1. Give, as residue ranges, the helices (runs of 4 or more DSSP H) completely inside the stretch A:1-50 that count at least 1 residues that are touching a residue at least 24 places away in the same chain (Cβ under 8 Å).
2. For residues that are of a type outside the set (A, V, I, L, M, F, W, C) and open to solvent by 20 Å² or more (accessible area, probe 1.4 Å), scanning just the stretch B:33-48, find the one that is farthest from the other protein chains (Cβ to nearest Cβ).
3. Filtering the stretch A:167-193 down to residues that are of a type in the set (Gly, Ala, Ser) and under 11 Å from the mean Cα position of the chain (by Cα), which residue is farthest from the other protein chains (Cβ to nearest Cβ)?
4. Within the stretch B:42-73, count every residue that is within 16 Å of ligand 2 (Cβ to nearest atom) and of a type outside the set (D, E, K, R).
5. Within the stretch B:131-152, does at least one residue satisfy the condition of being surrounded by fewer than 20 Cβ atoms within 10 Å (Cβ to Cβ), β-branched (Val, Ile, Thr) and in a loop (DSSP other than H, G, I, E, B)?
6. Looking only at residues in the stretch A:224-243 that are open to solvent by less than 40 Å² (accessible area, probe 1.4 Å) and in contact (Cβ under 8 Å) with a residue 40 or more places away in the chain, which one is farthest from the chain's Cα centre (by Cα)?
7. Of B:46, B:41, B:20, which residue is within 16 Å of ligand 1 (Cβ to nearest atom), modelled with pLDDT under 95 and within 22 Å of residue A:152 (Cα to Cα)?
8. In the stretch B:60-86, how many residues are in contact with a Phe, Trp or Tyr (Cβ under 9 Å, 6 or more places away or on another chain) and either among the polar types (S, T, N, Q) or open to solvent by 50 Å² or more (accessible area, probe 1.4 Å) (or both)?
Amino acid sequence: MRRLLIPLVQIGLVLAVLANWEFGGYDEFFFSKPSSVLGRIEQWLADGTMWADLGVTLTEAGLALLIGTAAGLVVGLALGRVKFLGAVFSPFIKALNALPRVVLAPLFLLWFGLGVWSKVAFGVTLVFFVVFLNTYQGVRQVRRALVDNARMLGATETQLVRHVMLPSALSWIFASLHLSVGFALVGAVVGEYLGAAAGMGYLISQAQGTLDTTGVFAGIAVLTVVVLLVDFGVGLVERELLRWKPEEQ
Amino acid sequence: MDGVRDAIALESVTVTFGGGYTAVADITFAVPAGSFVSVVGPTGCGKSTVLNCVAGLCAPTTGQVLVADRPLRGLNRAAGYLFQQDTLLPWKSVQDNIALGLQINGVGQKERARLSTEWAARVGLEGFTNSYPHELSGGMRKRTALAQVWITEPDILLMDEPFGALDVQTRQIMHSELLRLWTGSGKTVLFVTHDLDEAVTLSDEVIVLSAGPASHVLGRYPVGLPRPRDPIDTRMSTEYGEIYQSIWSALRAEVLRGYA
Ligand SMILES: Nc1ncnc2c1ncn2[C@@H]1O[C@H](COP(=O)(O)OP(=O)(O)O)[C@@H](O)[C@H]1O
Ligand SMILES: [Mg+2]
């Protein structure tokens with residue numbers, strides 16, 4: 001009964017908010033209407049303009065995710081495994097992580113131009129720290145006995161990383177991946193919003209420039225759906241790779 | 001190890017930890033090649049520390065460990081170590097856990113599968129080869145770990161309270177299985193336990209450590225019970241009772257001292 005009730009109430013809430021928004025008599029100039037937003041998305045889909053922009057944004061986010069994750073993994077493993085490096089560098093990394101990353105966006109625009117790479121660079125600064133911190137933590141929390149056992153069985157440092165460290169850090173890394181995917185998209189969209197010639201952020205900033213509230217809302221809606229879809233995909237991969245984990249109650 | 005009389009020898013081994021705590025002091029004993037020797041002592045006296053020294057995971061502060069008459073430097077490559085803690089990798093299946101040492105040492109996929117299937121059967125885990133460790137009982141996990149160590153065929157086996165966490169019935173079954181595996185294998189076993197019963201049942205010799213700090217060897221007791229042994233029958237014999245009593249009288253004082 002409860003299991004059925006909760007989704008019903010949830011759907012009811014969404015419908016109520018949408019209905020209120022549609023028929024509540026709000027100023028359309030500022031708030032638009034669900035039907036107009038849906039119409040705009042249909043129009044974007046029909047004339048195909050949205051796909052190009054979405055493609056640009058996803059490319060930027062994908063590259064940021066790839067580069068940021070790879071860098072975070074490598075640095076996290078190195079600082080987690082080599083005590084000296086960890087002691088020397090972790091204060092610097094913590095300091096850099098404390099920096100509000102948005103202030104870097106103008107710099108990246110100057111350095112890398114209006115194209116894809118300034119957004120990628122911005123996304124990397126967001127993704128890197130999430131993955132790094134989780135990998136670093138994951139590697140350092142591996143039980144001593146697991147490492148000793150593998151060493152007694154003859155494991156080299158590389159084999160330790162492959163058989164013990166990485167799999168052990170994997171659940172942390174996946175938890176962080178959900179966050180990283182969001183950050184990579186935020187990086188791309190915010191970067192585009194600040195200066196670009198294509199992408200969903202550019203689309204939204206164009207709509208804002210022409211006082212087109214419907215366009216802004218449509219852009220937001222599309223991005224939300226994309227994030228949910230990507231997150232679902234990450235969840236599927238996670239379930240497959242973490243099959244060995246006991247079910248949590 | 002032909003021609004070597006002692007597989008392992010500890011010479012005045014003392015271990016003082018970073019904080020200045022001396023766990024064991026001036027430990028000297030030898031383990032003849034091919035024999036089964038147990039180390040007993042109250043909990044916390046330094047049994048694991050001694051085993052870690054023999055494994056090469058911990059370097060003695062003073063004194064040295066000889067393996068096949070040569071001073072040990074770094075890890076003891078002749079030894080397999082069955083740890084007190086659970087050391088199975090949770091993300092590997094029983095079969096892959098058993099085969100871990102083979103995989104690390106570059107044994108090919110086919111040979112690995114063949115040997116690990118064989119070993120899974122030998123420790124009574126056929127039918128569980130595709131299970132993950134969290135799906136197994138404590139006894140099955142220990143058997144997996146035992147197979148993981150044994151499959152690499154080390155000359156020396158170091159076992160640290162391997163059956164300490166198991167219930168009495170499972171433990172007795174494991175004793176029989178261990179003796180069955182060891183008999184005729186020619187392997188040297190150094191077995192650590194706080195359970196005197198287990199030590200006498202399995203060993204050729206029992207070494208008793210005093211309570212810490214600075215634990216030392218209180219006595220060495222040969223166990224002349226006939227082999228091959230059946231653990232249950234062995235415990236029924238009068239000789240067993242006599243040996244047990246003589247060691248227990250030494251150990252009891254130490255256990256009490258540990259509580260004082
Ligand atoms: N790395 C360490 N640093 C400091 N003290 C330790 C360390 N390892 C063990 N000890 C101490 O040394 C003593 C012996 O430990 P251990 O060898 O594990 O005992 P046992 O295996 O006999 O129970 C204990 O008092 C323990 O607290
Ligand atoms: Mg111990």
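1. Details: elements: A:2-23, A:28-31, A:34-47.
Passing ranges, in order: A:28-31, A:34-47.
2. At the first step, the residues of the stretch B:33-48 found to be of a type outside the set (A, V, I, L, M, F, W, C) are B:34-35, B:38, B:41-44, B:46-48.
Cutting the leftovers down to open to solvent by 20 Å² or more (accessible area, probe 1.4 Å) gives us B:34, B:43-44, B:48.
Values: B:34: 21, B:43: 18, B:44: 18, B:48: 11 Å.
Top of the filtered list is B:34.
3. Step one: filter the stretch A:167-193 for residues of a type in the set (Gly, Ala, Ser), giving A:168-169, A:171, A:175-176, A:180, A:182, A:184, A:187-188, A:191.
Filter once more, keeping what is under 11 Å from the mean Cα position of the chain (by Cα): A:176, A:180, A:182, A:184, A:187-188.
On the way: A:176: 18, A:180: 21, A:182: 26, A:184: 26, A:187: 31, A:188: 33 Å.
Going through the qualifying residues, I end up with A:188.
4. Initial filter on the stretch B:42-73 (within 16 Å of ligand 2 (Cβ to nearest atom)): B:42-55, B:57-58.
Checking which are of a type outside the set (D, E, K, R) leaves us with B:42-46, B:48-55, B:57-58.
Result for the stretch B:42-73: 15.
5. Yes - at least one qualifying residue is present in the stretch B:131-152.
6. Pass one, the stretch A:224-243, residues open to solvent by less than 40 Å² (accessible area, probe 1.4 Å): A:226, A:233-235, A:242.
Narrowing the set further to residues that are in contact (Cβ under 8 Å) with a residue 40 or more places away in the chain leaves A:226, A:234-235, A:242.
Details: A:226: 11, A:234: 11, A:235: 13, A:242: 20 Å.
Out of the qualifying residues, it is A:242.
7. Values: B:41 fails: within 22 Å of residue A:152 (Cα to Cα); B:20 fails: within 22 Å of residue A:152 (Cα to Cα).
So the residue among B:46, B:41, B:20 that is within 16 Å of ligand 1 (Cβ to nearest atom), modelled with pLDDT under 95 and within 22 Å of residue A:152 (Cα to Cα) is B:46.
8. Qualifying residue count, the stretch B:60-86: 1.
The values are calculated or read from the model by the stated rules, or taken from the named source; none is laboratory data. Please read these numbers as outputs of a predicted model, since none were measured by experiment. Here Cβ is always computed from backbone atoms with ideal geometry, including for glycine, and neighbour counts include all displayed protein chains. Note: areas computed on protein heavy atoms with side chains; ligands, DNA, RNA excluded. Shrake-Rupley method; radii C 1.70, N 1.55, O 1.52, S 1.80 Å.
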